[in-house]
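First up is the structure itself, then whatever we jot down about it.
The values are calculated or read from the model by the stated rules, or taken from the named source; none is laboratory data. Just so it is clear, the model here is predicted, and its values are computed rather than measured. Here Cβ is always computed from backbone atoms with ideal geometry, including for glycine, and neighbour counts include all displayed protein chains. For accessibility, only protein heavy atoms count, side chains too; no ligands or nucleic acids. Shrake-Rupley method; radii C 1.70, N 1.55, O 1.52, S 1.80 Å.
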Amino acid sequence: MKKRFHTEHPSFRKYISLALMIVFGYLFHVCVMPYLKIGGVTPNLLYALIGIITVSHGRLCAFWAGCCFGILTEIMIPSVTFFSLALYPLTALFCSFGFADKPAQRLEYERSLRKSRRQITPLARTVLCAAVNTLVYNAINLAYVYISGNALTSGHYARAFTDVAATALLTAVLMLPLRRLIFGRWDHLHPRLWLDGLRQKRRHHRPGR
């Protein structure tokens, strides 16, 4: 009965896992992550989770996760007014266009025009999405510091790139168990199996069949 439920309602598991990642992710971000520093910089757990959600759940869920993180951060950790409130959902939405899975209609349209390009594996897209999100966040932070009249030093740039690298590393560590929680199995994570599935889809939609 349990197996049948998850088979017939796969979206239920995904939305439950999304809610759990948002709630517990924020709690870990404010309670645990300050004690886990790399080079004096705390990895951004929220952007690591946004990268995972972008690839596993899609653009809309990534945007809503960014909104939730932005609202919670704005209320509980106030800094510049409306900075976190606007930045988290906007960066999540911006990066989702490049790293989220394309809709089936879009893929079919590209195949019909023979414009389909080589697809990057979901695991690589997850790490890249989190890194780009963090890079954009730090770039806007540095721009604000400069506009405020403060001189940018090598320490500012070093902290920014350390944050990007640490967040990417944290994403690589978390994405496997979290994707296991979301999908309920390990087989879709293997790059060879993913590529085999992609080749089968391409052969199935090849013109003349």
Given a 1.4 Å probe and heavy atoms of the protein chains only, how would you sort 56, 79, largest accessible area at the top? 79, 56
At 1.4 Å probe size, with no ligands or nucleic acids counted, give the accessible surface of residue 180 in Å², nearest ten. 80
If the chain between residue 180 and residue 23 were fully extended at 0.36 nm per residue, the gain over the current Cα-Cα distance would be 54.7 nm
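Going highest first, how would you order 92-99, 144-151, 36-43, 62-69 by mean Cβ packing within 10 Å? Intermediate results must be reported in sequence, preceding the final value.
Values: 92-99: 19.2, 144-151: 9.8, 36-43: 14.6, 62-69: 22.6.
Going from most to least packed, we get 62-69, 92-99, 36-43, 144-151.
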Just to verify a number: what accessible area does residue 75 come out at with the full protein assembly present, 1.4 Å probe, Å² rounded to tens? 120
Label model pair residue 173, residue 120: point-to-point distance (7 angstrom along the Cα→beta-carbon line) in nm is 2.2
Can you work out ³J(HN,Hα) from phi for every residue in the range 56-68, in order, using Karplus 6.51 cos²θ - 1.76 cosθ + 1.60 and θ = phi - 60°, giving whole Hz and x for Gly and Pro? 8, 10, x, 5, 5, 5, 5, 5, 5, 5, x, 5, 4
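If 136, 23 are ordered by their accessible area, calculated over protein heavy atoms with a 1.4 Å probe, which sequence runs from highest to lowest? Write out the running numbers ahead of the final one.
Details: 136 40, 23 80 Å².
Of 136, 23, the descending order of accessible area is 23, 136.
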